[in-house]
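Visitor: Once you've had a glance at the structure underneath, I'll fire off some questions.
The values are calculated or read from the model by the stated rules, or taken from the named source; none is laboratory data. All of these numbers come straight from a predicted model, not from anything done at the bench. Here the Cβ positions follow ideal geometry from the backbone for every residue, glycine too, while neighbour counts run over all protein chains shown.
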Amino acid sequence: MSTPLLSIKGLTKTYPGVVANDDVSFDIGTNEVHALLGENGAGKSTLVKMIYGLVKPDSGTMTWNGQLFAPPEPKAARASGVAMVFQHFSLFDALSVAENVALGMENPPAMRDLARRIRRVSETYGLPLDPNRTVGDLSAGERQRVEIIRCLLQDPKLLIMDEPTSVLTPQEVEILFQTLNKLKAEGTSILYISHKLEEIRALCDHATILRLGKNVGECVPADTSARDMAELMVGDTLQTPTRTTEKAGAVVLDVSGLTLEPTNDYGTTLKNIHFTVRAGEILGIGGVAGNGQDELLSALSGESLTWPDSIKVNGQDVANLGPNARRGMGILAAPEERLGHAAAPDLSLTENALLTGAIREGLTNNGFVNWSKTTEFADTIIKEFDVRTPGNHVAARALSGGNLQKFVIGREVLQRPEVLVVNQPTWGVDAAAAASIRQALLDLAAGGAAIVVISQDLDELMEISDRFGALNEGRLSDLRPAAGLSIDEIGLMMGGAHGMEVAHVGDEEKEGASA
Amino acid sequence: MIALEKRPTPSRALSLSTPLIAVIITMIMGGLLFSVLGKNPIEAIRTIFWDPVFGEFAFYYRPQLLVKAAPLVLIAIGLSLGFKAGIWNIGAEGQYIMGAICGAAVGLAFYPTESRLIFPLMIIAGALGGWAWGMIPALLKVRFGTNEILVSLMLVYVADQLLASMSLGLLRNPEGMGFPGSRNFSDFPAGSSWINEAAGLHWGMAFAFIAVIFSYILLNRHILGFNIRLTGEAPRAARFAGVNPTRLILFCLGTSGALAGLAGFFEVTGPSGQINIDFASGYGFTAIIVAFLGRLHPVGILLAALLMALTYVGGDLAQGNLGLPSAAIQVFQGMLLFFLLALDLLTNYRVVLKSKGAA
């Protein structure tokens, strides 16, 4: 092979107390899709931050097309042709899509031209997006499109993507892969970070696996099984969740004719949703982000009240009860947004344990908080769910996403729910933690709880749910047994390819040439 | 290059020490200001901060400090509840006036009856007056979504007009020979808030202490206090935790109104003595500074109110002894809040020195 596009040699970065990267070396070739695999804390983000110029390595060198490459800041990295789609979006809620894109550019063109360019790129690469919409009203999936388009506008030579497919339907993933393959054919290399091993096997030419900051192996994903890659990543044999559910008790949760107007202008209206969940059953609800998942959770948690008799638990109407009254009846929920919804960022873990635990754990007495009992409850969550934190006094925002997610899920699971509704239980969580969260949900079902798992991770839903349905524009598809569903069938239940088009990069070039 | 870096957890040490640092910087900058005005800065600072507490006439000024601090504590405690929840009552001055008018009116209605029952009745009327004035922005906010900052602030001016009307009309002293102002409560023992006027003690101080203790318990031990903090920190998480925002708005604005009303009531029946046109002296606004200077923490508010009282008493002293303009004292108080808010940044961010290029 000729000179690699980017060659990394012996990169080391130490933070006080942690070696984030220890002598990491690998090459990314031209026209290559290179996967970077590793658990949370394996050093993937530090590594890509060094490539993107956000962090300066302690030692080691990078060469870009044979030249020494040491970007002092992201601007320099972008000038060389590195673009990055972050896992955590760096967007301003109050600004429009086009304004957000303009903020990331060195010399933004006039807003109208920019809007036109955004439209063109979004059509070309099959990522539909209206440049005039306010980012605050976009779903997670749409926000990610903004980030991707922002990068594509820079004509990057190396595109770094951090977990890009978590919010797409299978058909959309396939189209994105076609887009990425087209990009690759055009000469763009891609550094692809993901936990989804099957995806990596389908897309990537090479994979580098990091564990505890070290490069522990490279492989050609197409020739390596997902299990082998996972075990390299974890450094141990992987526990796949096991289920011991005795099937189907009585109907616990009965939703019929649930209709709900959204609370914000761009939310999704829930339209006439019917389903039942039995004791010991897990209902998986899939769908592309922004199709009513948040609204469904808030209707079930009691944050939004609905018409009488639309939600019944054990035969009793709860539609007009608030969150705490429902908690009293054993209906618990864990929302998708960890910081700011499921947990308060600046409050300690103990205080966050009180947030939903007050009622069922009996943490208050005539309104007075029993802090020692609350601390105990927080410590139990931390211990049982292996939340890595210096202690229960730490602010929620100081925890990594995965650890906070374990805390949030653990907090609800440990309250012995009769009905548990979770939205995106393993979003941004590493493989081992995700497996333990799923196992906890399965154990809970085995214990007789009725569980609704709303997720955009189809592998997850197929792994743990008994029945499956998909939300599409606020409507719920018919429910089908999860066993034996094919990916195509699921995709159709989710509404197919959602108005996405296959990338037509070639046409675009012709059009550009004739213009 | 100097850069700011977000701290993973807010620094507790700095959160406690920034008020102190702000006071020191204010002293330095204030000293500069005074020297520009042609006064000896050290003498001016000493007159403001030292003389009232430890000077020759401290026996006179020390009770004065408590008299000034009591209404500030009462109002600021009430405000801090709302501020913690992100509910901004800027109109405590109006609630203070209304509490004074209502409490005084009930007392004057009984004049000259002497009964132990009159004073408790007046206290209730004072609290209700402030509460009702606070409920106006609260109800408008929950019913029509109006902005409580504007409504509460505008109502200060309405209350001011009512005060003038009362002093000239309904509550005017019938034996006052046409001068504006009500009867003086020093002539009406049953309606006076003084416990011991010579020692400078009145019931407002007792209520201020009780308010500090209750607020401390509420915020640290009670689920309602937790809900208040939660709503301020993360409104969506608060709704998820089952907090009813409507009830919280009514509670916070009502409580801060009632406490401001009490402050006004104790002031009018004690240190001020009568309902008069110039009764409103800005405590309701200064209490906003006190609330923030005290970190919205009950004990902090107590200390901040004493400090603010010191700048009042010391400022008066400096005006009298050194001829400092009263505006200079107000600038001084304003600086205090300014530096405090600026330094606040340091509790959530740390300053890091970075060599250029290593971004």
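Visitor: Just checking, does the range A:151-162 include any residue being modelled with pLDDT under 85 and farther than 27 Å from A:PRO71 by Cα?
Guide: no
Visitor: For the range B:1-41, enumerate the residues that are among the aliphatic types (A, V, I, L, M), in a helix (DSSP H, G or I) and farther than 24 Å from B:LEU343 by Cα. Spell out the reasoning first.
Guide: Taking the range B:1-41 and keeping what is among the aliphatic types (A, V, I, L, M), we get B:1-4, B:13-14, B:16, B:20-25, B:27-29, B:32-33, B:36-37.
Filter again for in a helix (DSSP H, G or I), leaving B:13-14, B:16, B:20-25, B:27-29, B:32-33, B:36.
B:VAL36, the sole residue that qualifies.
Visitor: Among the numbered criteria (1) surrounded by fewer than 24 Cβ atoms within 10 Å (Cβ to Cβ); (2) under 12 Å from B:GLY264 (Cβ atoms); (3) not acidic (Asp, Glu), which one does B:LEU121 miss?
Guide: Here B:LEU121 clears every test but (2).
Visitor: Is it the case that B:GLU197 is out of contact with any Leu (no Cβ under 7 Å at 6 or more places or on another chain), of a type in the set (Asp, Glu) and more than 16 Å from B:ALA287 (Cβ to Cβ)? Break it down into steps so the answer makes sense when it comes.
Guide: Values: out of contact with any Leu (no Cβ under 7 Å at 6 or more places or on another chain): yes; of a type in the set (Asp, Glu): yes; more than 16 Å from B:ALA287 (Cβ to Cβ): yes.
Yes, satisfied.
Visitor: Any chance the range B:220-233 includes a residue that's touching a strand residue (DSSP E or B) at 6+ places or on another chain (Cβ under 6 Å), within 14 Å of chain A (Cβ to nearest Cβ) and under 25 Å from B:GLY261 (Cβ atoms)?
Guide: yes
Visitor: Among the residues of the range A:378-400, is any assigned to a helix (DSSP H, G or I), in contact with a Leu (Cβ under 9 Å, 6 or more places away or on another chain), more than 13 Å from every other protein chain (Cβ to nearest Cβ) and touching a residue at least 60 places away in the same chain (Cβ under 8 Å)?
Guide: no
Visitor: Could you tell me whether B:PHE292 is more than 13 Å from chain A (Cβ to nearest Cβ), in contact with a helix residue (DSSP H, G or I) (Cβ under 9 Å, 6 or more places away or on another chain) and assigned to a loop (DSSP other than H, G, I, E, B)? Show your work before the answer.
Guide: Working: more than 13 Å from chain A (Cβ to nearest Cβ): yes; in contact with a helix residue (DSSP H, G or I) (Cβ under 9 Å, 6 or more places away or on another chain): yes; assigned to a loop (DSSP other than H, G, I, E, B): no.
Here the answer is no, as B:PHE292 does not meet what is asked.
Visitor: Check off (1) among the small types (Gly, Ala, Ser); (2) over 20 Å from the mean Cα position of the chain (by Cα); (3) in a helix (DSSP H, G or I) for B:SER80 and give me the number that stays unchecked.
Guide: In the conditions (1) among the small types (Gly, Ala, Ser); (2) over 20 Å from the mean Cα position of the chain (by Cα); (3) in a helix (DSSP H, G or I), B:SER80 misses (2) alone.
Visitor: Regarding B:GLY264, is this residue part of a helix (DSSP H, G or I) and within 30 Å of B:LEU343 (Cα to Cα)? Let's see the steps before the verdict.
Guide: Working: part of a helix (DSSP H, G or I): yes; within 30 Å of B:LEU343 (Cα to Cα): no.
Answer is no for this residue.
Visitor: Right, here's the next one. So B:ASP278 ticks every box in (1) in contact (Cβ under 8 Å) with a residue 40 or more places away in the chain; (2) out of contact with any Phe, Trp or Tyr (no Cβ under 9 Å at 6 or more places or on another chain); (3) surrounded by fewer than 24 Cβ atoms within 10 Å (Cβ to Cβ); (4) not aliphatic (A, V, I, L, M) but one. Which box is left unticked?
Guide: If we test B:ASP278 against (1) in contact (Cβ under 8 Å) with a residue 40 or more places away in the chain; (2) out of contact with any Phe, Trp or Tyr (no Cβ under 9 Å at 6 or more places or on another chain); (3) surrounded by fewer than 24 Cβ atoms within 10 Å (Cβ to Cβ); (4) not aliphatic (A, V, I, L, M), just (1) comes out false.
Visitor: Within the range B:127-154, how many residues turn out to be of a type outside the set (A, V, I, L, M, F, W, C) and in contact (Cβ under 8 Å) with a residue 24 or more places away in the chain?
Guide: 7
Visitor: What are the residues in the range B:197-255 that are of a type in the set (S, T, N, Q) and touching a His at 6+ places or on another chain (Cβ under 6 Å), if any?
Guide: We begin by selecting, within the range B:197-255, every residue of a type in the set (S, T, N, Q); these are B:215, B:220, B:227, B:231, B:244, B:246, B:255.
Of everything in the range B:197-255, nothing turns out to be of a type in the set (S, T, N, Q) and touching a His at 6+ places or on another chain (Cβ under 6 Å).
Visitor: Still on this structure, I have one more. Please go through the range B:1-40 and pick out each residue that is under 30 Å from the mean Cα position of the chain (by Cα) and closer than 19 Å to B:LEU353 by Cα.
Guide: Across the range B:1-40, the qualifying residues are B:SER11, B:LEU14.
Visitor: Related question: Test A:ASN107 against the criterion of being more than 14 Å from every other protein chain (Cβ to nearest Cβ), without any contact (Cβ under 8 Å) to a residue 60 or more places away in the chain and crowded, with 18+ Cβ neighbours inside 10 Å, and give yes or no.
Guide: Values: more than 14 Å from every other protein chain (Cβ to nearest Cβ): yes; without any contact (Cβ under 8 Å) to a residue 60 or more places away in the chain: yes; crowded, with 18+ Cβ neighbours inside 10 Å: no.
Here the answer is no, as A:ASN107 does not meet what is asked.
Visitor: Out of the range B:83-99, which residues are assigned to a helix (DSSP H, G or I) and small (Gly, Ala, Ser)?
Guide: Initial filter on the range B:83-99 (assigned to a helix (DSSP H, G or I)): B:83-84, B:92-99.
If the condition is that a residue be assigned to a helix (DSSP H, G or I) and small (Gly, Ala, Ser), then B:ALA92, B:GLY94, B:GLY99 are the ones that fit.
Visitor: Would the range B:274-286 turn up any residue that is closer than 30 Å to B:ARG12 by Cβ and in a helix (DSSP H, G or I)? I'd like the intermediate steps shown before the answer.
Guide: Pass one, the range B:274-286, residues closer than 30 Å to B:ARG12 by Cβ: B:285-286.
Cutting the leftovers down to in a helix (DSSP H, G or I) gives us B:285-286.
So far as the range B:274-286 goes, yes, one or more of its residues are closer than 30 Å to B:ARG12 by Cβ and in a helix (DSSP H, G or I).
Visitor: Report yes if some residue within the range A:360-371 is more than 29 Å from A:GLY280 (Cβ to Cβ), buried (at least 18 other Cβ atoms within 10 Å of the Cβ) and in contact with a Phe, Trp or Tyr (Cβ under 7 Å, 6 or more places away or on another chain); otherwise report no.
Guide: Here is the first cut: in the range A:360-371, the ones more than 29 Å from A:GLY280 (Cβ to Cβ) are A:364-371.
With the extra rule that they be buried (at least 18 other Cβ atoms within 10 Å of the Cβ), the set shrinks to A:364, A:369.
Applying the additional criterion that residues be in contact with a Phe, Trp or Tyr (Cβ under 7 Å, 6 or more places away or on another chain) yields A:369.
There is at least one residue in the range A:360-371 that is more than 29 Å from A:GLY280 (Cβ to Cβ), buried (at least 18 other Cβ atoms within 10 Å of the Cβ) and in contact with a Phe, Trp or Tyr (Cβ under 7 Å, 6 or more places away or on another chain).
Visitor: Which of the strands (runs of 3 or more DSSP E) found entirely inside the range A:252-327 contain at least 2 residues meeting this: over 21 Å from A:ASP457 (Cβ atoms)? Can you show your working first?
Guide: Working: elements: A:270-278, A:282-286, A:311-313.
Answer list for the range A:252-327: A:270-278, A:311-313.
Here is a yes/no grid of residues against (1) surrounded by 19 or more Cβ atoms within 10 Å (Cβ to Cβ); (2) in a helix (DSSP H, G or I):
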| position | (1), (2) |
| --- | --- |
| B:SER167 | yes, yes |
| B:LEU171 | yes, no |
| B:MET177 | no, no |
| B:ARG183 | yes, no |
| B:SER186 | no, yes |
| B:ALA190 | no, yes |
| B:ALA206 | no, yes |
| B:ALA211 | yes, yes |
| B:LEU219 | yes, yes |
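Visitor: Name the residues in the range A:63-79 that are more than 14 Å from chain B (Cβ to nearest Cβ) and buried (at least 18 other Cβ atoms within 10 Å of the Cβ), would you?
Guide: Once the filter is applied, which keeps residues that are more than 14 Å from chain B (Cβ to nearest Cβ) and buried (at least 18 other Cβ atoms within 10 Å of the Cβ), the range A:63-79 yields A:TRP64, A:PHE69.
Visitor: Considering each residue of the range B:86-117, count those that are small (Gly, Ala, Ser), under 29 Å from B:LEU218 (Cβ atoms) and surrounded by fewer than 24 Cβ atoms within 10 Å (Cβ to Cβ), and give that number.
Guide: 1
Visitor: Can you find, within the range B:234-245, the residue that is surrounded by the most Cβ atoms within 10 Å (Cβ to Cβ) among those that are more than 7 Å from every other protein chain (Cβ to nearest Cβ) and outside any helix (DSSP H, G or I)? Break it down stepwise before answering.
Guide: Of the range B:234-245, the ones more than 7 Å from every other protein chain (Cβ to nearest Cβ) are B:235, B:238, B:243-245.
Those still in the list that are outside any helix (DSSP H, G or I) too: B:243-244.
On the way: B:VAL243: 24, B:ASN244: 15.
Restricting to residues being more than 7 Å from every other protein chain (Cβ to nearest Cβ) and outside any helix (DSSP H, G or I), the top hit is B:VAL243.
Visitor: Still on this structure: Would you point out which residue out of A:GLN415, A:GLN405 is crowded, with 24+ Cβ neighbours inside 10 Å, modelled with pLDDT of 90 or more and among the polar types (S, T, N, Q)? Before you say what the answer is, go through the steps one by one.
Guide: On the way: A:GLN415 fails: crowded, with 24+ Cβ neighbours inside 10 Å.
Result of the check over A:GLN415, A:GLN405: A:GLN405.
Visitor: Does the range A:302-325 contain any residue that is more than 25 Å from the chain's Cα centre (by Cα) and closer than 23 Å to B:ILE217 by Cβ?
Guide: The answer is yes, given that some residue of the range A:302-325 is more than 25 Å from the chain's Cα centre (by Cα) and closer than 23 Å to B:ILE217 by Cβ.
Visitor: Are there helices (runs of 4 or more DSSP H) fully within the range A:77-163 with at least 2 residues that are touching a strand residue (DSSP E or B) at 6+ places or on another chain (Cβ under 7 Å) and among the hydrophobic types (A, V, I, L, M, F, W, C)? List them. Talk me through it step by step, then tell me what you get.
Guide: Details: elements: A:97-103, A:111-124, A:140-152.
Correct list: A:140-152.
Visitor: Okay, next question. I'd like the full set of residues that are part of a helix (DSSP H, G or I), more than 8 Å from every other protein chain (Cβ to nearest Cβ) and either under 15 Å from A:VAL408 (Cβ atoms) or touching a residue at least 60 places away in the same chain (Cβ under 8 Å) (or both), limited to the range A:328-377.
Guide: Those that are part of a helix (DSSP H, G or I), more than 8 Å from every other protein chain (Cβ to nearest Cβ) and either under 15 Å from A:VAL408 (Cβ atoms) or touching a residue at least 60 places away in the same chain (Cβ under 8 Å) (or both): A:LEU349, A:THR350, A:ASN352, A:ALA353, A:GLY357, A:PHE377.
Visitor: Considering the range A:280-325 alone, what residues qualify as being among the aliphatic types (A, V, I, L, M) and within 14 Å of another protein chain (Cβ to nearest Cβ)?
Guide: Within the range A:280-325, the first condition is being among the aliphatic types (A, V, I, L, M), and the residues that meet it are A:282-283, A:285, A:288-289, A:296-297, A:299-300, A:305, A:311, A:313, A:318-319, A:321, A:325.
The answer is A:LEU297, A:ALA299, A:LEU300, A:LEU305, A:VAL318, A:LEU321, A:ALA325.
Visitor: If you check A:GLU199, A:GLU174, A:GLU186, A:GLU218, which single one turns out to be surrounded by fewer than 20 Cβ atoms within 10 Å (Cβ to Cβ), closer than 24 Å to A:TRP427 by Cα and modelled with pLDDT of 75 or more? Explain how you work it out, then say what you get.
Guide: Working: A:GLU199 fails: surrounded by fewer than 20 Cβ atoms within 10 Å (Cβ to Cβ); A:GLU186 fails: closer than 24 Å to A:TRP427 by Cα; A:GLU218 fails: closer than 24 Å to A:TRP427 by Cα.
Exactly one residue qualifies, and that residue is A:GLU174.
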